[in-house]
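A.B. asks: Sending over a structure as structure tokens; questions will come in a sec.
The values are calculated or read from the model by the stated rules, or taken from the named source; none is laboratory data. This structure is a prediction, so every number in the text was calculated from the model and none was measured. Note: ideal-geometry Cβ built from the backbone for every residue, glycine included; neighbour counts use all protein chains shown. Keep in mind that these areas ignore ligands, DNA and RNA; they rest on the heavy atoms of the full protein, side chains included. Shrake-Rupley method; radii C 1.70, N 1.55, O 1.52, S 1.80 Å.
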Amino acid sequence: MTVRVFIVDDHDLFRSGVRAGLGDSVEVVGEASNVEAAVEMINERIPDVVLLDVHMPAGGGKAVIEGVKELNPGVEFLALSASDAAADVVAIVRAGARGYVTKTISAEALTLAIARVAEGHAVFSPQLAGFILHAFSSIPLSDVDPELDQLTKREREVLQHLARAYTYREIAERLYISVKTVETHVSNVLRKLQLSSRYELTIWAHDRKLI
Amino acid sequence: MEPVDAHTSDAERTLRRVVVGYRAVAAAWLVILGVISVAGPEGPARPGVVVATMVLAVAWALVTIALHAQSPDLMRSWLFLAIDTGVAAWTLVAPDVAGSENFYGGYPMSPVFLAAYGRGMVGGLTTAVALGTVQLSRLAGPADPTASSAAVLIYVFAGAVAGWAVGLLREADRTTRMAEAALAREQVERVRAEEKAEMAAHLHDSVLQTLALIRRNSADESEVASLARRQERELRAWLYGTGGGSTRGAFGELMRRMCAEVEDAHQVAVHLVTVGDAEGDASMEALVQAAREAIVNAAKHSGAANVAVYAESSPERVTVFVRDRGRGFDYGSVPADRQGIRESIINRLVRSGGRATVHTKVGEGTEVELVLER
């Protein structure tokens, strides 16, 4: 079954570039260049996955997620950004995106990432994996919710490999586990990232808003 | 707007100090009058009651002073004000019980002021009416009707005026502080706007220069890629303070600078991810140099366009992985006299107390693992 994809980005060039790169591997059911149009069209066409630009006027990708999730919780979001700044990335993931990749990603890798998100799994860029490791490792051991504020040894290993730019398949081979298990670990990390009330994670979103 | 904490401002503290100061004076006043009454030629029928009232007034004044220092919020509670009024009411009826002259002096005004401070005009008037009622009830006994009626009027008048004055002072204080806060905000905003304008000017200039260079070198593909990378790096550094990584500090900074230099010199894209950070001492320098050699090797020999670098610092050790998806090689077949990897990467690190491992296979890329125990 082909995955139905919707593209939201305020750069026309980038939208057409992504569309061309994806080719026939997915069905692009629409595009939007601003938050309002995106929310309306996504709620009308209900795609499987929305490719979402983090930076847009009028609230950015976060506003789109908020406008859709309530009516259509089944729609998954994969965030794309050129900035790679931890603050933006974490904000969008905590808003509900299933994953984050940089705009320099190859078409092939993007197709794979879309498929993964459509199945309900998480997708992290090396940069995001690095940030999550950093945020969780700076947690003092007292005063944590062990369910949400700590990563298991396996989750750390998987994240470290993601930060070293290994693919899921390569990670599975190296750690002697199945690709499914790798996906489960990453999804669990995503859940922790979204639900943890860690000060470090929330503060990052406000920290660097100088610009 | 930032919240203005009414309980801790200077004006609030000064008001409280005046009210509590009056309490101390009033208690002293009561003690003096009490001593005079007990020691006078026509002493009271029950001097013990006078002495007990003096002790009570002093003790309660000490409680008030302690609250003023420890938990001033409590002084504003209705419970405290009720007890406070009760103590004053006792000083009013004590002379009748003791069979003495009035010796409360100015004490009954003290709870009126305190209530006006704590609860504004409503508080001041409530206490004044309560004490006034007690004062009037004494008329059934030996009290002088004119003096008592005058006292009631004074209580009510003082309660109203004190409440009104406290309100005015607070309002004036609030206005001043809001104006100050607004001024401070405006200043911060102006500085920020200036910084932004400066930054924008710098960025625009540097992007224009890069575009001009790209146009002039448009035939040279690798030069164009290198210019674009350099500009991207500069933009990131300006916009986000770092190369987009999650840390900044000595070791991370060394790694970032090194990766940028290799990118420029060797026409390869280096993707650096850092986790944690460490001090940049001599052994860290050695680690960074070893990493540089590994990246340069990848750039020169692997044929890959990208090199992924991952640096993790923990309190126990610093680890760097340098990885390419290039052609790889048969590590065992590298002759011992070929010094490239052994000397510049492995031995360099071993001399600093670290170790290096090369994982590679023909056709499967190369990963160099560098570890430095701390």
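To keep it simple, each residue is scored yes or no on (1) surrounded by fewer than 16 Cβ atoms within 10 Å (Cβ to Cβ); (2) more than 19 Å from the chain's Cα centre (by Cα).
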| residue | (1), (2) |
| --- | --- |
| A:Val8 | no, no |
| A:Asp12 | yes, yes |
| A:Val18 | no, no |
| A:Ile46 | yes, no |
| A:Leu51 | no, no |
| A:Val54 | no, no |
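A.B. asks: Mind listing just one residue for me: the one in region B:110-128 that is touching a Phe, Trp or Tyr at 6+ places or on another chain (Cβ under 7 Å) and free of Cβ contacts under 8 Å to residues at least 60 places away in the same chain and, of those, surrounded by the fewest Cβ atoms within 10 Å (Cβ to Cβ)?
C.D. replies: Checked region B:110-128; the qualifying residue surrounded by the fewest Cβ atoms within 10 Å (Cβ to Cβ) is B:Met121.
A.B. asks: Consider B:Ala66 against the criteria (1) surrounded by fewer than 18 Cβ atoms within 10 Å (Cβ to Cβ); (2) under 17 Å from B:Pro108 (Cβ atoms): it satisfies all of them except one. Which criterion is unmet?
C.D. replies: (2)
Residues are listed down the side, and each one gets a yes or a no for (1) at pLDDT below 90; (2) more than 41 Å from the chain's Cα centre (by Cα); (3) not in a helix (DSSP H, G or I):
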position: B:His7; (1), (2), (3): yes, no, yes
position: B:Arg13; (1), (2), (3): yes, no, no
position: B:Arg16; (1), (2), (3): yes, no, no
position: B:Ala26; (1), (2), (3): no, no, no
position: B:Met54; (1), (2), (3): no, yes, no
position: B:Val58; (1), (2), (3): no, no, no
position: B:Ala88; (1), (2), (3): no, yes, no
position: B:Asp96; (1), (2), (3): yes, yes, no
position: B:Tyr104; (1), (2), (3): yes, yes, yes
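A.B. asks: Keeping to region B:132-164, report how many residues are without any contact (Cβ under 8 Å) to a residue 40 or more places away in the chain and either crowded, with 16+ Cβ neighbours inside 10 Å or not assigned by TED's automatic domain parsing to the domain that holds B:Ala94 (or both).
C.D. replies: Within region B:132-164, residues that are without any contact (Cβ under 8 Å) to a residue 40 or more places away in the chain and either crowded, with 16+ Cβ neighbours inside 10 Å or not assigned by TED's automatic domain parsing to the domain that holds B:Ala94 (or both) number 5.
A.B. asks: Could you list all residues from region A:103-126 that are facing another protein chain (nearest Cβ under 10 Å) and open to solvent by less than 30 Å² (accessible area, probe 1.4 Å)?
C.D. replies: Across region A:103-126, the qualifying residue is only A:Ser125.
A.B. asks: I'd like the full set of residues that are assigned to a helix (DSSP H, G or I) and open to solvent by 40 Å² or more (accessible area, probe 1.4 Å), limited to region B:32-48.
C.D. replies: B:Ile32, B:Leu33, B:Val35, B:Ile36, B:Val38, B:Ala39, B:Pro47, B:Gly48
A.B. asks: Only one of these is assigned to a strand (DSSP E or B) and modelled with pLDDT of 85 or more: B:Val320, B:Val288, B:Val296. Name it.
C.D. replies: Step by step, each of B:Val320, B:Val288, B:Val296 is checked, and only B:Val320 is assigned to a strand (DSSP E or B) and modelled with pLDDT of 85 or more.
A.B. asks: If A:Ala118 satisfies all but one of (1) at pLDDT 90 or above; (2) not assigned by TED's automatic domain parsing to the domain that holds A:Ala82, what's the number of the condition it fails?
C.D. replies: Tallying (1) at pLDDT 90 or above; (2) not assigned by TED's automatic domain parsing to the domain that holds A:Ala82, A:Ala118 fails exactly one: (2).
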